[in-house]
Amino acid sequence: MSYEPKIVGFLCNWCSYTGADLAGTSRIQYPANVRIIRVMCSARIDPTFVMDALAQGADGVLICGCHPGDCHYSEGNYKAMRRFPLLKNLLKSYGIEDDRVRQAWVSASEGQRFADIVGDMTERVRALGPSRVHSTLLADQRER
Amino acid sequence: MDELKIGVYVCNCGTNIAHIVNAEGVKEAAAALPDVVIARSYRYMCSNPGQEMIVKDIQELGLNRVVVAACSPRMHERTFRNACKTGGLNPYLFEMANIREQCSWVHADKLAATEKAKALTHGAVNRVRHHEPLDSLTAEMCPSTLVLGGGIAGMTAALELAMAGHPVYLVEKADHLGGNLARVDSTAPYLDSARDLLTERITHLRENPDISIMLNSQLKSLSGFIGNFSATIETNGGPNPPERKVIPVGNVVVATGYKEFDASRITHYGYGKLPDVITSFEFEQMMRAGRIQTKSGKPPQYVAIIHCVGSRNQEFHGYCSRVCCMTALKYANEIKSALPDSYVSDVYIDMHAFGKGCEDFYKKSSEIKTLFLMYGKNESPVIRKAGPNDDCGMLIEVDEKLSGERIEIPADLVILMVGMEARPDAGEVARLVNISADKDGWFIESHPKLDPVATTTDGIYIAGTCAAPKDIPDSVAQARAAAGRILAKIAKGKIEIDGVFAEINEDRCSGCRMCNELCPYSAIEFYADKKRSHVIPAACKACGACVAACPSGAIKGRHFTDQQIYAQIEGVLA
Amino acid sequence: MAIRINPKLVTAIAKYGAEDVQKCYHCGNCSAVCLHADETFNFPRKPMRLLQMGLEKRIEASLDPWLCYYCGQCSTQCPRGAEPGETMMSLRRWLTARYDFTGISRLFYQSWKAELAAILIMAVLTAAGFLLYGFSYGDLRVYDGPGAFLPSSAVHIFDWAMAIVLVLLLGSNAARMWWLTTGSNKKIKFDFWLYVKKLYTLPLHFFTQKRYADCESRQPWKLHLWLMLSYVTMLVLIMFFLEPMQAGPDIRWSVHALGYAAALGLLVTVVYAIHGRVKKSEVHMKHSHESDWIFLFMLVLVTVSGVLQHVLHRAGTDMAANIAYVVHLALVVPMLTLEVPFSKWSHLAYRPLAMYLAEIHRVALPQPKALTEPAELMKMAS
């Protein structure tokens, strides 16, 4: 069977999760590769969640929050925005490709946008092939 | 931890979930997970029998964790939490997996969707293991209400609340009440006088001792939470320096209204250059003054009314401003009755005659010999000055859709039906009260169908045109709805605060105080004596910013703990 | 090149009977139900639109209103009560007035009093003329033969003179119709042989009105055909067989039988039409313009007086017959000279001519194609 990427999505409750729900009520179709985990705000997303997801076998991680200026908790997405480049640098040093982890802003009324982002990301991660993080860690564990 | 007994319920939602996701398969997969003592698949979990199933299983099987795989938690998390509560289980020992809005409704591939549904359920089961029972807190409900905006919506809400005997602060930016309705002469379709509507409202308002009317005033800041807001109002009273007042309120109704589209942005209408091209509001002024005439003082023989100025146009605003079609017909009727020998051309895209009496009004307008001319969306008629030999002042050139001809329409007076726009200060208002606005600047309601006056922030309600273009009946209905919701809350007396907030483990806290500045609600205080930080539960909104930031890992985000999330990640990837 | 609309036309055309045209909101139900609408489903919606927008030149150039026989299905279907059937009728009246270069037609349609006055004047003049002739050359007591008050030979000459004048008038108006609809249309090249080839349509439609038979109910077609054939029979008898018609007491049954049949046909159909219009029993009889009434009443009076003078003559009371004959002529002459070129009866020429010209248009002009294939619509959209 050909490889189907597994993508974990962290969506903030107020904007992006609602936007994803709107894609649902509008019946906008997108690939089934993303598994969504709800948090209240993108500021809650600890960079270790991303690392853990990759370690557990995710081929890609998507982080979504409200558009800058529109955070339900006022500035949460700014905090998420600041953490992200640091995380990306760290992942780069581990050899994890850029397209595997993405941050996007989706508002509650942007169902189509959410679907487009998921579609785009799925294709990029598919093109990259399976992530070797999980298999490398497993091999490493077996060695010990 | 006690022995875990997890119950998993997979909803079919009729065929909404079941026609794509193999609900039986998901149930089987869930049943195979460790600690799951019962897994069921049922048609409508949110129905009474569905909920009773959960209650019975909790009581008979001694379940101490419940997972429902169904629609979005934004839909029914409360429903199922209540069911758990009824069964005697703490409502927070519950988790939902969204296999409808984020699965069956968006994926066509049945196998892939079922696999995903199994993974999401697995994630929910993993997560719920680590849930803890939480209790909610209670707080006082202040019976005062802040109403922002003194237009028809704001005034209606204020009156409704005050007549129930509760204090209201009505804050209006301008120096008079009435908003945009004060600029209007009569209303469609029954041609009632707007002035009468307003006078009635304003008189009652002024007579009511419970309403404090604050003109020339603006909201400067709002802090707190539902039932316990603190609003700072600044009043600019002419020669005196601006005055600030801090008032405690329990709820806020935002009824800040709209602004009309600036017609000069569409250059080929010549607004601002051709003297007899006017906007609908300018025509209202003419009607109130009692004389319909061109700039040269003569009554017009040909009048043209153009619909959708700034609306239904990709270049400006794509939406329909809703009220203009009937208002345009109102003008046609007024002009024909004032000037029976005139010829009125109504240049429209579609005729939106949606309300009571409106279709009949449209028919009546054709009976008085209004000429209806249709143009296309995203096109714009071009207005130019007529020649010296023409019997009219201006000519409007447009591709007419019902005849297929390119025509010239004679006009001495052109009325532009300018659309509604969000006010330029709408963004600022949204930020002040912590609500969202959509891409057009209209405030977003909690649910477009089921909850049109509430917002995602508890205690903040929206009413009238600030939420979307609408007519007077709808604005009044929303204002009364918002007032009704608030009265219900006030009647309960106390407010229940979610048991979800952040908690600092004092043993782990190093006193670095990084979290103190992070909190947008200033909900974290520092105990100088103990040199430890502490979260004020009632003020905390559970965003989790501090939880992620704490370098010592001392802050636990209740119901969104690291442990729970790691478990969920593992589950969805299994 | 943009065309200037004229909002004033609708007010002006109210006099011709189109009072409800502004109610039309172009749903197209009328065109969907019209049996004569072609693939493009433009009729009667397009003339309604041209009228609403006051595009006089386009209406004048259009043959469409004449292709309609007023079955009234469109008016029945119209959800707004815009009366497309009656509006097409009004357009026919308006076009009649436009084709007429004298201006008399316009006067008659806008003022029924003027039409009645003209009829009265013509009647008085006719009566005076014939009485003068009769008293000068004949005896009031003699109906036919030597000394007849109104000898058939004299009346015959008068009839032909009148006929020639009528043909000239109506012919010139018809020529104007041709010019406005076809001759001045630069897109139609003048092809002599095409005109010759299609000439058969003139007598075909004149004598059979076969398109009328396509309408949903065939009864109006049958009645109209009966009326028309009765009238044509009577006309042929009068123009070519006046002498045997008038001569007596020996009856030439071959002539008289036709005469009686024609008279009966005229009476029955006209009385039915009047009854229908009074009771508004059928959709095309719900609206009656003054010109409709004048036409019907003139026809019934002419028929009755014609029958009367014949009966009186057969009964032997020749003086009474002569008086009745004068009355009959005083009614026939205004009816023919005024109704045929200037009023409702002109349709006897305009409608067959329209059918003929429509055939020519069909061949000479590229026909607008209706986009009814979804594939074609998709191509257009992309």
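Each reported figure results from applying straightforward, stated rules to the coordinates on display, with no laboratory input. Since the model is a prediction, treat every value here as computed from it, not as a measurement. Glycine gets a Cβ as well: all are built from the backbone with ideal geometry, and neighbour counts include every protein chain shown.
Which ³J(HN,Hα) values in Hz, rounded to whole numbers, follow from the phi angles of the range C:9-25 under the Karplus curve 6.51 cos²θ - 1.76 cosθ + 1.60, where θ = phi - 60° and Gly and Pro get x?
4, 4, 5, 5, 7, 4, 5, 8, x, 8, 8, 10, 4, 6, 6, 5, 10
Taking the Cα-to-Cβ direction at residue B:61 and at residue B:367 and moving 7 Å from each Cα, how far apart do the two end points lie in nm?
Each label point is offset 7 Å from its Cα along the Cβ direction, giving 6.8 nm.
If the reach is capped at under 15 angstrom between alpha carbons, list the aspartates and glutamates near residue B:298, excluding any in the same chain fewer than eight residues apart.
B:276, B:341, B:391, B:412
Hey, what do the phi angles of the range B:356-370 turn into as Karplus ³J(HN,Hα) couplings, whole Hz, using 6.51/-1.76/1.60 and θ = phi - 60°, x for Gly and Pro?
3J(HN,Hα) across the range B:356-370, in whole Hz: 5, x, 6, 5, 5, 4, 4, 5, 4, 5, 7, 5, 8, 6, 6.
Can you list the lysines whose alpha carbon is less than 16 Å from that of residue B:356, not counting same-chain residues fewer than 8 positions off?
Here the lysines satisfying the reach criterion relative to residue B:356 are B:330, B:364, B:470.
Would you pull out the residues with amide H under 5 Å of residue B:39's amide H, same chain only if 5 or more places away, H placed 1.01 Å from N?
Residues meeting the criterion, in which the H sits 1.01 Å from N, are B:8.
Just name one of C:134, C:325, C:35: the one whose Cα is farthest towards the positive end of the charge dipole of chain C (beta-carbon charges, Lys/Arg +1, Asp/Glu -1).
Going by the Cα projections, it comes out as C:35.
Once both labels are modelled 7 Å past Cα along the beta-carbon direction, what's the residue C:214-residue C:172 spacing in nm?
3.5
Classify the range B:267-417 as rounded, prolate or oblate from the Cα gyration tensor: take a ≥ b ≥ c as the square roots of its eigenvalues, call it rounded if a/c is under 1.5, otherwise prolate when a/b beats b/c and oblate if not.
Values: a/c = 1.38, a/b = 1.09, b/c = 1.26.
Rounded is the answer for the range B:267-417, as its axis ratio a/c remains below 1.5.
Loop-only check: which trypsin sites (Lys or Arg not before Pro) in the range B:217-292 are DSSP coil with at most 14 other Cβ within 10 angstrom?
Within the range B:217-292, the qualifying trypsin sites (Lys or Arg not before Pro) (loop, at most 14 other Cβ atoms within 10 Å) are B:273, B:291.
Sort out for me the Cα centre separation of the range A:49-125 from the range C:40-89, rounded to whole Å.
Here the two parts' Cα centres lie 63 Å apart.
As an exercise, identify the chymotrypsin sites (Phe, Trp or Tyr not before Pro) in the range C:139-224 lying in DSSP coil whose Cβ has no more than 10 other Cβ atoms within 10 Å. List each step's numbers first, then the result.
On the way: sites: C:143, C:149, C:158, C:160, C:178, C:179, C:190, C:192, C:193, C:195, C:200, C:206, C:207, C:212, C:221; in loops: C:143, C:149, C:190.
In loop regions of the range C:139-224 (DSSP not H, G, I, E or B), the sparsely surrounded chymotrypsin sites (Phe, Trp or Tyr not before Pro) are C:190.
Filter the cross-link list B:295/B:385; B:118/B:541; B:27/B:116; B:401/C:23 down to pairs whose alpha-carbon distance in this structure exceeds 24 Å. Kindly include the intermediate steps, with their values, before the conclusion.
Values: B:295/B:385 14 Å; B:118/B:541 32 Å; B:27/B:116 13 Å; B:401/C:23 17 Å.
Correct reply: B:118/B:541.
By Kyte-Doolittle mean hydropathy of at least -0.5 and Cα axial length of at least 15 Å, which whole DSSP H helices of chain C are selected?
Numbers: long enough: C:84-99 (22 Å, -0.64); C:112-137 (37 Å, 1.43); C:152-178 (37 Å, 1.23); C:219-240 (31 Å, 1.25); C:253-279 (38 Å, 1.06); C:290-315 (37 Å, 1.11); C:318-334 (24 Å, 1.46); C:347-364 (25 Å, 0.34).
Once both thresholds are applied, what remains is C:112-137, C:152-178, C:219-240, C:253-279, C:290-315, C:318-334, C:347-364.
Measure nothing fancy, just the Cα-based angle from helix B:472-492's long axis to the longest principal axis of chain B, in degrees from 0 to 90, nearest 10.
Once rounded, the angle reads 30 degrees.
Whole angstrom only: what separates the Cα centroid of the range B:363-412 from the Cα centroid of the range B:287-361?
About 13 Å separates the Cα centre of the range B:363-412 from the one of the range B:287-361.
Enumerate cysteines in chain C without a disulfide-compatible partner, where compatibility requires another Cys Cβ under 4.7 angstrom.
Here C:24, C:27, C:34, C:68, C:78 come out as lacking a disulfide-compatible partner, given the Cβ-Cβ threshold of under 4.7 Å.
Please compare each pair in C:15/C:189; B:336/C:186; C:198/C:344 to a cut-off of 29 Å on the Cα-Cα distance and tell me which ones are over it. It would help to have the intermediate numbers written out before the result.
Working: C:15/C:189 37 Å; B:336/C:186 41 Å; C:198/C:344 26 Å.
Correct reply: C:15/C:189; B:336/C:186.
Please list 3J(HN,Hα) in residue order for the range A:83-89, calculated via the Karplus relation 6.51 cos²θ - 1.76 cosθ + 1.60 where θ = phi - 60°; whole Hz, with x for glycine and proline.
Coupling constants for the range A:83-89: 6, 4, x, 4, 4, 4, 4 Hz.
Whole percent per 20 Å bin, from 0 to the bin with the longest distance: what is P(r) over all C-alpha pairs of chain C?
Percent of pairs per bin, in order: 25, 53, 19, 2, 0.
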